[in-house]
Every structure is written in C-alpha cells, then in structure tokens.
1. In segment 137-168, how many are touching a strand residue (DSSP E or B) at 6+ places or on another chain (Cβ under 7 Å), surrounded by 16 or more Cβ atoms within 10 Å (Cβ to Cβ) and assigned to a loop (DSSP other than H, G, I, E, B)?
2. Here are the criteria: (1) open to solvent by 40 Å² or more (accessible area, probe 1.4 Å); (2) over 30 Å from Leu53 (Cα atoms). Tell me which single one Ser126 does not satisfy.
3. Tell me which of these Gly70 doesn't satisfy, since it passes every other one: (1) free of Cβ contacts under 8 Å to residues at least 24 places away in the same chain; (2) open to solvent by less than 40 Å² (accessible area, probe 1.4 Å).
4. How about segment 84-106: which of its residues are part of a strand (DSSP E or B), open to solvent by 10 Å² or more (accessible area, probe 1.4 Å) and either among the β-branched types (Val, Ile, Thr) or within 14 Å of Ser64 (Cα to Cα) (or both)?
5. Name the single residue, out of those in segment 15-36 being assigned to a loop (DSSP other than H, G, I, E, B) and open to solvent by less than 90 Å² (accessible area, probe 1.4 Å), that is modelled with the highest pLDDT.
6. Could you go through segment 62-69 and let me know if any residue there is assigned to a loop (DSSP other than H, G, I, E, B), at pLDDT below 95 and within 24 Å of Ile144 (Cβ to Cβ).
7. Output yes when any residue across segment 127-135 is over 21 Å from Tyr78 (Cα atoms), in contact with a His (Cβ under 9 Å, 6 or more places away or on another chain) and not in a strand (DSSP E or B), and no when none is.
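The values are calculated or read from the model by the stated rules, or taken from the named source; none is laboratory data. The structure displayed is predicted, hence computed values, not measured ones. Positions of Cβ are backbone-derived with ideal geometry, glycine not excepted, and every protein chain shown enters the neighbour counts. Calculation scope for accessible area: heavy atoms of the full protein, side chains included, ligands and nucleic acids excluded. Shrake-Rupley method; radii C 1.70, N 1.55, O 1.52, S 1.80 Å.
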Amino acid sequence: FGRSWKLASRGLIRPWIFSIAAEAGVIYAGTAQPVMGRNGVFVSTDNGENWTLRKGFAESDIRSLLFKDGRLYAATNYDAVFSSDDHGLSWTKAGYGLNDSTVYAICAHGQDILAATQKSGVGILSIPGGPWKETSFGMSVTYIRALAVWGHNILAASYGGGVYLSTNSGGFWKELNT
C-alpha cells in the first residue's frame, strides 16, 4: 500500500493543493495561488483522474477541508471559514464573530468545529452559522498552524511556540514543550 504513486491533476488550473478531503467516492481538493480568480475547491468523481472547479474563492487560498455531519467546511487565508451543504456548489460563512480571517486548519472535536487562526489562537464553532468563540488562555503564542484531536483532547501546533494541549474543549491550553 502506497508503494507507487501516479500524478492525478487533469483539470486542475494550478495544481497547488493545500488540502484534500473525501466522502462517498468524491474527492475534494482545496487549491492555492489563484490564477484569474480560478481558485477554490476542485472535485473529482473518478478517483482523481479528472477535476472540475466546484466553486471559486477569488483571492483566498483553501487551507483546509473538513466533512462533518453532511457539511463540507473550507478554511481560507483571507475570509475565515465557509460551509456548504450541497457538496461545494454554494458556500456561506460557517459562523460569525471570528476576529481573525486567516485560518490555517480546521478539525472536528465532538460537535464543535475548531479553527487554527493566525492571531487569535483557536476558534470554536458549536452551532453551524452561530458565533465563533476564540480561545487562547494559557498560550504564549497564538499563531496556530495545525490542530489534532487526540481522544477527548485537542492539540494545537503553533508557529514559534511549540505544541499546546487542551483537556477541556479549548477552555485552557497547556504548553507541552517543557
């Protein structure tokens, strides 16, 4: 498994892929570096042989993709997080009140959507379309690049501050570098 690889990018305008997700035989790729506004989420229904642009995001890079409860979420570098309940045909803001529009990664923790932001630590969305709660209590560096869920715990990887652990759904973060 994984011993040989084949390039599968026919139809991708600019194959700079920052994120990928799959569900029910459909592969979604989030692209970067827009060319004439042709950037966004590309879709393949034939195991990556051919790709079509599902929705453009103009000047935003798609940094992370996530499926949760029948919705596709897209984290962007200029416009925060969007969600789609029709497999990327249309998009709306996933919530409101996230002060940092640069989001590098998203993941699910229980019923929540978590967003790794450039300046505000971790955003938590508990209700689709509802308010984001920003959390960084205990973090000395709030520039978060990646998130992972480990059992009931959340790990946040920062840019220059190491790794943080939350054991209470983002209420407090403990530095794991010491």
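1. 2
2. Only one criterion in (1) open to solvent by 40 Å² or more (accessible area, probe 1.4 Å); (2) over 30 Å from Leu53 (Cα atoms) is unmet by Ser126, namely (2).
3. Going through the list (1) free of Cβ contacts under 8 Å to residues at least 24 places away in the same chain; (2) open to solvent by less than 40 Å² (accessible area, probe 1.4 Å), Gly70 breaks only (2).
4. Within segment 84-106, the subset part of a strand (DSSP E or B) is 84, 92-93, 96, 103-106.
Checking which are open to solvent by 10 Å² or more (accessible area, probe 1.4 Å) leaves us with 92-93, 96, 104-106.
Scanning segment 84-106 gives Thr92, Tyr104, Ala105, Ile106.
5. Per the stated criteria, the residue is Gly25.
6. Looking through segment 62-69, at least one residue is assigned to a loop (DSSP other than H, G, I, E, B), at pLDDT below 95 and within 24 Å of Ile144 (Cβ to Cβ).
7. Initial filter on segment 127-135 (over 21 Å from Tyr78 (Cα atoms)): 127.
Filter again for in contact with a His (Cβ under 9 Å, 6 or more places away or on another chain), leaving none.
There is no residue in segment 127-135 that is over 21 Å from Tyr78 (Cα atoms), in contact with a His (Cβ under 9 Å, 6 or more places away or on another chain) and not in a strand (DSSP E or B).
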